[in-house]
Amino acid sequence: MTDIPTAKNPADAARSELTTPDIGAGRVLQVERRDFTQLVPEGRKRVQSMRGFDDCYTDIVDYIVRCTHRIWDERDVGLIYSHYTHNCVAYTTMGTMYDRETHIRDTIQRLVEFPDRRGMALQVIWRGDDVNGFYTSHMTHGLGRHTEFGSWGKPTGRTFCTRTVADCMILENKIYKEWIVRDNMGPLIQVGVDPHVFAQGIAQKKFELGESVLDLAENRRLLGQYPPESEADLSIAHNDGEEQLLTWLHHIYNKRMFGKIHEIYAPNCQWHGPLMRELYGIAAVLQQTMRLVALMPDCSFVPQHICSVDSEEGGTKYAVRWVMDGHHLGYGALGAPTGHHLLVMGVTHFHIKDGKIVDEWVVYDELSMLVQLKLAAIQAAA
């Protein structure tokens, strides 16, 4: 495998040219190694076609970083009216929002509850154009203090740090579909809130609203008594590098060939995960991967979207949005096995250099998993 994906068509080749990092040469911005002021430059000429976008945005990375800061840090929440369609659907780990007004109410509530929170861009991986639409995978670090009464209860004054990924589909200045994956469990623990009590309360409210957990008998990872598919589904890939990564993930998660990790991760690899866990080396990555699968030993792993950009740090960075579907049949962070159905939505960013994964950032929400188990228990007891 090569680090720089081979484009399957001229459009991909053109995109690869655009993403070569060099602001001075008129390239699309990259977040890494740049201060915030460099990510939202003043007086910079537009470096890619942005039909229908506000004049202040010079490329798609500038757009997603700048408008996020304007809405969340500068408190211009009303920009949502010009940056989201009225019927924008946002899929989150804790539920789905179906219209723009719900986005606005949710944003205001979060800003009031955590007034000094700051969301700092970690990286933006993207693809697309202004004709067919852009897709961005925007990872942030959120830091703040729990200082106001709200959904987390009485303020504790404690600080928190968490990771979030927002995957957005964008056309002519407006986000029309979004997937938001937050690590909600991490900050709850950091500020001193009991996650089991909190999850029980959310589950009870969901039950009273008529929500239920749909238990699927089979997730189709196995067809009857046949083994898993020998080959990965590569239909969502756009280049050779993406095909290679999807193949690796299929071997590890669906075929349970965990030893593959020794082949594809660099000896000095780093893993950045939920609860702000920081792991180092192949053995730690192997153990963490098996720990997640052990919670749902019958799970399937289904990538739903992948995109990639050549990195100015060398190699290529990839963003994979995925779901895992299975049953809580194993011991782990969620306690003793309950047998209840679990659906996990996550996003992983990979950095691959010289054919090896050197960095992995993964975000999924253990709190949403706990809520699902609590809701299933309430449902079963009703």
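Which one of these is over 24 Å from His69 (Cα atoms) and either outside the structural domain of His103 (by TED's automatic domain parsing) or not in a loop (DSSP other than H, G, I, E, B) (or both): Leu188, Leu214? Quick ask: steps written out before the conclusion?
Numbers: Leu188 fails: over 24 Å from His69 (Cα atoms).
Result of the check over Leu188, Leu214: Leu214.
Among the residues that make up the range 157-180, is at least one of them among the β-branched types (Val, Ile, Thr), without any contact (Cβ under 8 Å) to a residue 40 or more places away in the chain, surrounded by fewer than 19 Cβ atoms within 10 Å (Cβ to Cβ) and assigned to a loop (DSSP other than H, G, I, E, B)?
no
Checking Ile252 against (1) under 29 Å from Gly128 (Cβ atoms); (2) among the aliphatic types (A, V, I, L, M); (3) not in a helix (DSSP H, G or I), which test does it fail?
Answer for Ile252: the failing condition is (3).
Mind checking whether some residue in the range 240-260 is among the charged types (D, E, K, R), buried (at least 19 other Cβ atoms within 10 Å of the Cβ) and touching an Asp or Glu at 6+ places or on another chain (Cβ under 6 Å)?
No, every residue in the range 240-260 fails to be among the charged types (D, E, K, R), buried (at least 19 other Cβ atoms within 10 Å of the Cβ) and touching an Asp or Glu at 6+ places or on another chain (Cβ under 6 Å).
Considering only residues that are in a strand (DSSP E or B) and either over 10 Å from Ser137 (Cβ atoms) or in contact with a helix residue (DSSP H, G or I) (Cβ under 8 Å, 6 or more places away or on another chain) (or both), which ones fall in the range 310-323?
If the condition is that a residue be in a strand (DSSP E or B) and either over 10 Å from Ser137 (Cβ atoms) or in contact with a helix residue (DSSP H, G or I) (Cβ under 8 Å, 6 or more places away or on another chain) (or both), then Asp310, Thr316, Tyr318, Val320, Trp322, Val323 are the ones that fit.
Against the conditions (1) part of a loop (DSSP other than H, G, I, E, B); (2) within 15 Å of the chain's Cα centre (by Cα); (3) not β-branched (Val, Ile, Thr), where does Pro337 fall short? Just the number, please.
For Pro337, the exception is condition (2).
Which numbered condition in (1) under 30 Å from Asp59 (Cβ atoms); (2) touching a Phe, Trp or Tyr at 6+ places or on another chain (Cβ under 7 Å) is the only one that Glu243 fails?
(2)
Inside the range 103-134, can you point out the residues that are touching a residue at least 40 places away in the same chain (Cβ under 8 Å), buried (at least 16 other Cβ atoms within 10 Å of the Cβ) and part of a helix (DSSP H, G or I)?
Correct list: empty.
Of the conditions (1) within 25 Å of Ala333 (Cβ to Cβ); (2) assigned to a loop (DSSP other than H, G, I, E, B); (3) without any contact (Cβ under 8 Å) to a residue 12 or more places away in the chain, Val193 clears all except one; give me its number.
Of (1) within 25 Å of Ala333 (Cβ to Cβ); (2) assigned to a loop (DSSP other than H, G, I, E, B); (3) without any contact (Cβ under 8 Å) to a residue 12 or more places away in the chain, only one is false for Val193: (3).
Being more than 21 Å from the chain's Cα centre (by Cα) and either aliphatic (A, V, I, L, M) or under 18 Å from Val323 (Cβ atoms) (or both) narrows it down to one residue among Ile252, Ile261, Ile306; which is it?
Ile261
Please work out which one of (1) in a helix (DSSP H, G or I); (2) crowded, with 20+ Cβ neighbours inside 10 Å; (3) in contact with a Gly (Cβ under 8 Å, 6 or more places away or on another chain) is the condition Arg291 fails and give its number.
Every listed condition holds for Arg291 apart from (2).
Matching residues to (1) surrounded by fewer than 17 Cβ atoms within 10 Å (Cβ to Cβ); (2) of a type in the set (Phe, Trp, Tyr); (3) farther than 23 Å from Ala294 by Cβ:
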position	(1), (2), (3)
Asp194	yes, no, yes
His238	no, no, yes
Trp271	no, yes, no
Arg277	yes, no, no
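Here is a yes/no grid of residues against (1) within 24 Å of Tyr91 (Cα to Cα); (2) buried (at least 16 other Cβ atoms within 10 Å of the Cβ):
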position	(1), (2)
Ala283	no, no
Leu286	no, yes
Gln304	yes, no
Tyr318	yes, yes
His327	yes, yes
Ala336	no, no
Phe350	yes, yes
Gly355	no, no
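If I filter the range 70-79 for residues that are aliphatic (A, V, I, L, M) and touching a strand residue (DSSP E or B) at 6+ places or on another chain (Cβ under 9 Å), do I get at least one hit?
Looking for residues that are aliphatic (A, V, I, L, M) and touching a strand residue (DSSP E or B) at 6+ places or on another chain (Cβ under 9 Å), one finds none in the range 70-79, hence no.
Residue check, Glu278 against (1) out of contact with any Phe, Trp or Tyr (no Cβ under 9 Å at 6 or more places or on another chain); (2) free of Cβ contacts under 8 Å to residues at least 12 places away in the same chain, all met but one. Which one?
Failed condition: (1).
For the range 83-104, what are the residues that are under 23 Å from Lys154 (Cβ atoms) and out of contact with any strand residue (DSSP E or B) (no Cβ under 9 Å at 6 or more places or on another chain)? Spell out the reasoning first.
Here is the first cut: in the range 83-104, the ones under 23 Å from Lys154 (Cβ atoms) are 94.
Residues satisfying the conditions do not exist here.
Which pairs turn up if I take residues in the range 21-35 that are surrounded by 11 or more Cβ atoms within 10 Å (Cβ to Cβ) and modelled with pLDDT of 75 or more and look for partners that are among the acidic types (Asp, Glu) and not in a loop (DSSP other than H, G, I, E, B) with beta carbon separation below 7 Å, at least 6 apart in sequence or on another chain?
So the pair list comes out as Leu29/Asp62.
What is the one condition in (1) of a type in the set (S, T, N, Q); (2) over 24 Å from Ala237 (Cα atoms); (3) out of contact with any Lys or Arg (no Cβ under 9 Å at 6 or more places or on another chain) that Thr58 does not satisfy?
Status for Thr58: all satisfied but (3).
Kindly provide the set of residues from the range 90-102 that are over 14 Å from the mean Cα position of the chain (by Cα) and either farther than 24 Å from Glu172 by Cα or surrounded by 16 or more Cβ atoms within 10 Å (Cβ to Cβ) (or both), ordered by number.
Gly95, Met97, Arg100
The values are calculated or read from the model by the stated rules, or taken from the named source; none is laboratory data. All values reported here derive from a predicted model rather than from experimental measurement. Glycine gets a Cβ as well: all are built from the backbone with ideal geometry, and neighbour counts include every protein chain shown.
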